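Here the structure comes first, spelled out in structure tokens, and everything after it is commentary.
The values are calculated or read from the model by the stated rules, or taken from the named source; none is laboratory data. Bear in mind the structure is a predicted one, so any value in this text is a computation, not a measurement. Backbone-built Cβ (ideal geometry, glycine too); neighbour counts: all protein chains shown.
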């Protein structure tokens with residue numbers, strides 16, 4: 001029995017000395033009995049690969065594929081339209097908070113103000129460079145637009161205006177819409193729109 005225990009102890013020591021302790025630091029590369037798929041055959045982007053007819057290793061995603069965790073591409077928050085229709089959302093679907101308005105102001109000043117101006121009056125710095133066909137955001141036509149249509153215009157563009165879908169995420173586009181509505185209200189609102197207890201803060 002003593003011989004068996006001695007041999008077992010030596011075997012354990014031998015295994016530990018060869019394989020080492022898990023998590024220990026060593027400059028020597030570990031001995032891998034099983035790679036556990038750490039290293040497996042793969043193709044680098046833009047490599048050639050004769051298996052596919054076009055000879056390319058990089059593949060185009062299957063049509064209709066959605067990345068795991070990605071939002072539903074048909075969600076009204078992403079499209080600005082009612083699901084299954086071409087009708088724009090009447091009202092911003094994102095709850096309007098002070099944080100959302102601050103985010104919208106920040107994105108507006110970065111992406112929109114160069115053309116539309118900080119006040120949305122169409123007198124941004126671009127007008128000094130000769131670009132004159134810039135919409136005034138307080139125009140009744142724009143004020144009457146649905147929030148979803150403004151969201152869509154920000155993303156896809158209209159006329160000479162380029163689309164900002166790549167530069168402004170959907171959540172930020174809704175923030176810009178919320179800030180624009182606040183900006184329009186500050187320019188077009190009447191004293192009657194202000195709560196009675198706050199009217200004294202405004203001069204006639």
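Data overview
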quantity: Residue count for the stretch 163-204, restricted to those that are loosely packed, with under 12 Cβ neighbours inside 10 Å, under 15 Å from residue 101 (Cα atoms) and in contact with a helix residue (DSSP H, G or I) (Cβ under 7 Å, 6 or more places away or on another chain); calculated: 0
quantity: Matching entry among 13, 5, 33 (being in a helix (DSSP H, G or I), at pLDDT below 90, more than 30 Å from the chain's Cα centre (by Cα) and exposed (fewer than 10 other Cβ atoms within 10 Å of the Cβ)); calculated: 5
quantity: Pair list, Cβ under 6 Å, 6 or more apart: the stretch 118-134 residue more than 17 Å from residue 157 (Cα to Cα), other residue surrounded by 12 or more Cβ atoms within 10 Å (Cβ to Cβ); calculated: 121/136; 123/117; 124/113; 124/114; 124/115; 124/116; 124/117; 125/114
quantity: Long-range neighbours under 7 Å by Cβ, at least six apart or interchain, first residue at positive phi within the stretch 70-84, second part of a helix (DSSP H, G or I) and at pLDDT 95 or above; calculated: 80/148; 80/151; 80/152
quantity: Qualifying residue in the stretch 39-47 (condition: within 30 Å of residue 91 (Cα to Cα), at pLDDT below 80 and either out of contact with any helix residue (DSSP H, G or I) (no Cβ under 8 Å at 6 or more places or on another chain) or not in a loop (DSSP other than H, G, I, E, B) (or both)); calculated: no
quantity: Scan of the stretch 67-106 for residues that are over 26 Å from residue 144 (Cβ atoms), surrounded by 10 or more Cβ atoms within 10 Å (Cβ to Cβ) and within 15 Å of the chain's Cα centre (by Cα), ordered by number; calculated: 71, 72
quantity: Flag for residue 186 being under 19 Å from residue 106 (Cβ atoms), assigned to a helix (DSSP H, G or I) and at pLDDT below 95; calculated: yes
quantity: In the stretch 125-144, residue surrounded by the most Cβ atoms within 10 Å (Cβ to Cβ) [restricted to those that are modelled with pLDDT under 85 and within 30 Å of the chain's Cα centre (by Cα)]; calculated: 131
